[in-house]
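Structure, as structure tokens:
The values are calculated or read from the model by the stated rules, or taken from the named source; none is laboratory data. The shown structure was predicted, so the numbers you read here are calculated from the model rather than taken from an experiment. Cβ placement follows ideal geometry from the backbone for every residue including glycine, while neighbour counts extend to all protein chains displayed.
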Amino acid sequence: MPALPNPTTPPATVERPAAGAFAFIFTRLPALLRLSCGLFCLVVALAVRTPPVRTELLLPAVAVLTAWSIWYARCAWRYGLTAPLVAGDVALTGAACLAIPVLVAPEVLPGEASWIAVLASTTVINAQATAPARWSIPAGLLVTTAYATGAHTAGQPTEARAHAATLLAQIACTAMMTAVMRRRIGRADNAFLANQRAARNALIARTAREAERQQNRDLHDTVLATLTMVGQGAVPGGSTALRERCAADLRTLATLAEARSVPHDATARLDERLREVRARMPGLRVTADLPPCTVAAAVAEAIAESTHAVLSNVARHAPGARATLRLRQFAGTVTVEVGDDGPGFDPATVPAHRYGLRESVRGRMATVGGRVDIDSAPGHGARIRLEWSDVG
């Protein structure tokens, strides 16, 4: 029988899957963007070195920025983006922007196409996508100010204004897009968590109901069954048979308590369990045919206790009747058939409140995926067939 999930164990699913996916994407993308930008800047910065570019400053600056881009991408990819990483990126980019007069040739600076312009855009976009707005927007404004200052110092006020406007637009668009996505993702995760909590509460309630039903079955099939037989006069008070039945009921309850602690992958001999059931019915004449049969322990318990409930019904409702008990196993299907030559009954007329067949037999077999067939009619005895199959 498949094990029910333990209701005290938290769900194995990711608690906030949408936030996890967002963090994954917005860690990998900035890492790749920063790395590609660093390699681009390396090639373009060294391609044009006409005065007033100072090569002795350009070479170490490009080396530092390229090494930083590789380090940034590696850290972001492996560990995620942290505040020091974002702050370091903003600081290095800001310093490069202020050094535009000695790092960028005048002929390539206009048109927002210089490598410094690409670097600044990459930094402000990454900052908005990875940091909270209260930090990312000031960081973006700091880079924008540094770029405008550097371009203006280089004698390019038009470029300073143009790319500053572009950077502000990039900051606004990326910040708004990220904020909307975070808000939507938060709602999706909240809905997911609410559904998980509801499913977990339903599982707890279902498990509690099943435990209560199992307890009721056990009581019905032991103590209550014995008391009913005594009340109907089927077993005389103070008789040896009554004492034996009470002792058997106590043993059964102890056995059931132990069985519930057995691992779900354990096996048991069903034929032996059925012989124990037969021994618990000393006052009933039972002819048994029980060849060896090994099944899962939970299945053996369910079939054996269902059989006990059927035999108890024979003892209560057909005193003096003879019963037969037959076990068969073929091609993964196990069947147990209980028949008697008693007065029989009409299954359609069994009151809904009667617990025996409904819960102690059908309900118990249903817990292991089994089924029950009842063939009986007034004056023709009864035949009840319990069937379980390990074929999916």
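Every residue, every condition in (1) surrounded by fewer than 17 Cβ atoms within 10 Å (Cβ to Cβ); (2) assigned by TED's automatic domain parsing to the domain that holds residue 148; (3) in a helix (DSSP H, G or I); (4) in contact with a Gly (Cβ under 8 Å, 6 or more places away or on another chain), yes or no:
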residue: 69; (1), (2), (3), (4): no, yes, yes, yes
residue: 78; (1), (2), (3), (4): yes, yes, yes, no
residue: 91; (1), (2), (3), (4): yes, yes, yes, no
residue: 113; (1), (2), (3), (4): yes, yes, no, no
residue: 119; (1), (2), (3), (4): no, yes, yes, no
residue: 125; (1), (2), (3), (4): no, yes, yes, no
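Counting only residues that are more than 15 Å from residue 363 (Cβ to Cβ) and touching a His at 6+ places or on another chain (Cβ under 9 Å), how many does the range 286-299 have?
2
When the residues of the range 351-383 are filtered to those that are part of a loop (DSSP other than H, G, I, E, B) and over 16 Å from residue 314 (Cβ atoms), which remaining residue is modelled with the lowest pLDDT?
Checked the range 351-383; the qualifying residue modelled with the lowest pLDDT is 353.
Select from the range 22-61 the residues that are within 34 Å of the chain's Cα centre (by Cα), buried (at least 19 other Cβ atoms within 10 Å of the Cβ) and small (Gly, Ala, Ser) and list them in ascending order.
31
Among what's in the range 300-331 and is surrounded by fewer than 17 Cβ atoms within 10 Å (Cβ to Cβ) and in contact with a strand residue (DSSP E or B) (Cβ under 6 Å, 6 or more places away or on another chain), pick the residue that is farthest from residue 365 (Cα to Cα).
Checked the range 300-331; the qualifying residue farthest from residue 365 (Cα to Cα) is 322.
Looking only at the range 148-167, count how many residues are in a helix (DSSP H, G or I), in contact (Cβ under 8 Å) with a residue 24 or more places away in the chain and surrounded by fewer than 21 Cβ atoms within 10 Å (Cβ to Cβ).
Qualifying residue count, the range 148-167: 5.
Before we move on, is residue 22 touching a Lys or Arg at 6+ places or on another chain (Cβ under 8 Å), assigned to a helix (DSSP H, G or I) and among the aromatic types (Phe, Trp, Tyr)?
Against the criterion (touching a Lys or Arg at 6+ places or on another chain (Cβ under 8 Å), assigned to a helix (DSSP H, G or I) and among the aromatic types (Phe, Trp, Tyr)), residue 22 qualifies.
Please work out if residue 85 is within 43 Å of the chain's Cα centre (by Cα), assigned by TED's automatic domain parsing to the domain that holds residue 29, assigned to a loop (DSSP other than H, G, I, E, B) and at negative phi.
Here the answer is no, as residue 85 does not meet what is asked.
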